[in-house]
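The numbers here are math on the coordinates, done by the rules we state, and not lab data. Everything quoted here is computed from the prediction, not taken from an experiment. Don't worry about glycine lacking a Cβ; one is built from the backbone with ideal geometry, like all the others, and counts go over all protein chains shown.
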Amino acid sequence: MARAVKPHRNLVLDYSQDLRLFGTPLARTGLGLMLVTLLVLPTVVQDDFWLSVLIYSGITAIGAIGLNLLTGYCGQISLGHAFFIGAGAYCAALAGGRAGLPLPLWLLVSALVGAVLGGLIGPFALRLRGHYLAIITLGLVFIGEHLWRNLREVTGGNNGTSVLAQATIGPVDLGALELAGESYSRNQGWFWLVWVLVAVIALLAKNIARTRPGRALRAVRDHDQAAEVIGVRAGRYKVGAFMVSSAIAAVAGALFGAYQQHVTPDEWTLLLSIQYIAIIIVGGLGTVFGSILGAVFVGALPALIEEYSEYIPGVADSAGGDGFISVFALNQAIFGLLIVVFLVFEPRGLAGIWFRVRAYFRTWPFSY
Amino acid sequence: MNALLTNVFAGLALGSTYALVALGFVVIFKSTGVINFAQGGLLALGAYLGYTFAGDLALAFGVAVVLACLAAAVAGASVERLVLRRMVGQPPFAVIMITIGLLFVIEPLITAIWGFHTLNVPNPWNIRTVEIGGLVLGVRDLWTIGLTAVVVVGFFLFFRYTAFGLAMRATAFDPEAALAQGISARRVYAVSWAIAAALAALAGITLAAGPGGLSPSISFIALAAFPAMILGGLDSPSGAVLGGLIIGLAEALTRGYQDQLFSWAGSNVSVIVPYVLMIVILLIRPYGLLGTKDVRRI
């Protein structure tokens, strides 16, 4: 290729550049910095509250990446994400807690169970589109809730069950990490575990998105019949997207259960599904980066509101406290508002804002 | 036999409520192509407004019902005007999510205004019963069934014989052709939302006047009306009524025979019966009992 004409900035010249995993050198530097920050952060921020907020955000980011593959890339609306997350948590309770398997194995078991459940639900997406699928998956949440409340052997009924899955890989226990004579707290170990998994799953999702399956998924999203005509097996990709998405959701659920150590059926309600939808809408539909961004912003909100409820006017910080709105109701209202405001004013989400800012500087002074 | 009849009667009353809500879904879906998840919020709003009119302002119950339906209709039309109109032409995903977002905004608003407590709406029905042929029937249930029947008949007459009903049917059939005939699609959209909200409010008040009283969880009834709409077919008003009655019957019968027949399925299995029924129907007839199969083009 002729190298004579080289633009003085990083413009995309051919298709292979568009497919690069880590765009420009600048993006690579940024990513490196982010990784270093994640490695160092728990040693700087040792406060348990902030670490736990970040851990929950990381777990939420994993689940959100799963939902974004299904909804953002493949265009299948699912209100049933909470069901798969719940299933994952109970898998962790069984495989990690009662059977005492090590971390990689109970994560794997959860992922497999999630994939199987997704494979069972997926075929519905073949017959039903858009509205119907949303309502079917809504039904899934309610049927799931009924199951969780009645399968007392596994879930402990309404009182919930403790999840005793340990974060151990061989001799290393991430719950009580000791490295070069330093001992680290449970939260520090979990922070590294969760965010490494976020990175791994983001890489997986990004690789799905930028290769042939990703292009097929987007073709199915934009018009499934047109996709069939150009040779994409729409049915196969829809079911596949459901399986991958629910496997990732189950991993997030397993991590959630194992970190929290106790789960009740009240956690897997419609509100959780809505929270995930709010996350991918706020973060940006059809971007892996957006899922993580959204999870950090929206996923951290409930914990922050709970912590600082006494400083927010009008919020009752305890049942029966004064204030006109409870913490729960406030969360609900915020998720709802975020969904409406972003869909009306910024449908591409935070990632869209970021892309616009980036494009502005990249094309400066010819920005428009 | 009497037990069975009592259950069937309870099912019809519950089914009437579902039918009202499902009818609202269908009205909005037919004219605007939107599935309105916020219907539950409008239902709760109507019920609470009914409480305010009948309780706080001590109006006659009948007046309170009419006022609450009107107020809910205004609320529905303003939701359409302020939010949904901006979403015309957007993909279904965005529109569905907008209505879900609205539901999650309306619910906390209601708890913020009226609180979490169970309220009692002053009403002439309460837990009074009448005995007909050895059968003990709740007065409220009778009124619910009667009111629903009247409203449904009125609804079909309106669509069949009035000019505006014709305009709405025309817009549902082909918005552009309707526009070309000088029909204001905007007014049709706003009126469909108003009608749906008024139907939901009526369902909400008749529910709230029952023995359970009025609590924020009342909006969940609208989610259970989705299966009714799906069962009957998304675009069929008569299907919505039929679906509502079937779902109501199935739920009431499951509840009535919970101990004898359904103890294996866990407690409160009647709550998920609508969804199970919906899934089965969708597998057999994806477009519902009376719905039309949609034709797709590339």
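Counting Lys and Arg as +1 and Asp and Glu as -1, each charge on the Cβ, what is the dipole of chain A about the Cα centre in debye, to the nearest 20?
About 2040 debye.
For chain B, find the longest principal axis of its Cα atoms and tell me its angle to the long axis of helix B:220-232, 0 to 90°, nearest 10.
That works out to roughly 70 degrees.
Roughly what would the spin-label model give for B:VAL150 and A:ALA99, points 7 Å off Cα along C-beta, in nm?
6.2
Based only on other Cβ atoms within 10 Å, what is the fewest-to-most ordering of A:HIS262, A:HIS81, B:HIS117, A:HIS131?
The fewest-first ordering by Cβ neighbours comes to B:HIS117, A:HIS262, A:HIS131, A:HIS81.
Where nothing but the Cβ of Lys and Arg (+1) and of Asp and Glu (-1) is charged, how large is the charge dipole of chain B around its Cα centre, in debye to the nearest 20?
700
Can you tell me the 0 to 90 degree angle between the C-alpha axis of helix A:212-222 and the longest principal axis of chain A, rounded to 10?
With both axes taken from Cα atoms, the answer is about 80 degrees.
Would you mind working out the magnitude of the charge dipole of the protein assembly as shown relative to its Cα centre, with +1 at each Lys and Arg C-beta and -1 at each Asp and Glu C-beta, to the nearest 20 Debye?
Dipole about the Cα centre, nearest 20: 2680 debye.
When the helices in the protein assembly as shown are scored as -39500 (n - 2.57) per DSSP H run of 4 or longer and the sum is shared across all residues, what 222 nm value do you end up with, to the nearest 500 deg cm²/dmol?
Calculated from helices alone, the mean residue ellipticity at 222 nm is -22000 deg cm²/dmol.
Going by how many other Cβ atoms sit within 10 Å of their own, how do A:ILE201, A:ILE292 line up, fewest first?
The order, fewest Cβ neighbours first, is A:ILE201, A:ILE292.
Along the charge dipole of chain A, pointing to its positive end and built from +1/-1 on Cβ of Lys, Arg, Asp and Glu, which listed residue (A:GLY80, A:ALA202, A:GLY294) has its Cα farthest out?
A:ALA202
For chain A, build the charge dipole from Cβ charges (+1 Lys, Arg; -1 Asp, Glu) around the Cα centre, then report which of A:VAL154, A:TYR308, A:MET34 sits farthest towards its positive end.
A:MET34
Rank A:VAL327, A:VAL163, A:VAL244 by mean-square fluctuation in a GNM of chain A with C-alpha springs under 10 angstrom and give only the top-ranked residue.
Checking each option, the largest mean-square fluctuation is seen for A:VAL327.
Could you tell me how far the Cα centroid of region B:242-257 sits from the Cα centroid of region B:1-79, in Å?
18
What is the ratio of the Cα radius of gyration of region B:15-216 to 2.2 N^0.38 Å, with N the residue count, to two decimals?
Output field value: 1.07.
Of all DSSP beta bridges in chain A, what percent run antiparallel (nearest 5)?
75
Among B:ALA196, B:GLY248, A:PHE345, which residue has its Cα positioned farthest towards the positive end of the charge dipole of the protein assembly as shown, with +1 placed on the Cβ of Lys and Arg, -1 on the Cβ of Asp and Glu, and the dipole taken about the Cα centre?
In the protein assembly as shown, that residue is A:PHE345.
Give me A:TYR276, B:TYR48 sorted ascending by neighbouring Cβ count inside 10 Å, so fewest comes first. Present the calculation step by step, with values, prior to reporting the outcome.
Working: A:TYR276 30, B:TYR48 27.
Fewest-to-most Cβ neighbours within 10 Å comes out as B:TYR48, A:TYR276.
What is the Cα coordinate range of the protein assembly as shown on the first, second and third principal axes, sorted by size from largest, in whole angstrom?
Principal-axis extents of the protein assembly as shown (Cα, largest first): 87, 60, 49 Å.
Within region A:326-368, name every residue whose backbone N is under 19 Å away from a label modeled 7 Å from Cα of A:LEU26 along the Cβ vector.
Residues passing the 19 Å test: A:351-368.
Order A:350-356, A:264-270, A:86-92 from most to least packed using the mean count of other Cβ atoms within 10 Å.
Listed from highest to lowest mean packing, they are A:86-92, A:264-270, A:350-356.
Whole angstrom only: what separates the Cα centroid of region B:117-155 from the Cα centroid of region A:220-259?
That distance is 47 Å.
For chain A, find the longest principal axis of its Cα atoms and tell me its angle to the long axis of helix A:186-210, 0 to 90°, nearest 10.
In chain A, helix A:186-210 runs at an angle near 40 degrees to the longest axis.
For region A:216-298, build the convex hull from the C-alpha positions and give me its volume per residue in Å³.
Hull volume normalised by residue count: 107 Å³.
Tell me whether chain A comes out rounded, prolate or oblate; compute the Cα gyration tensor, take square roots of the eigenvalues as a ≥ b ≥ c, and use a/c under 1.5 as the rounded threshold.
Rounded shape, in that the Cα axes give a/c under 1.5.
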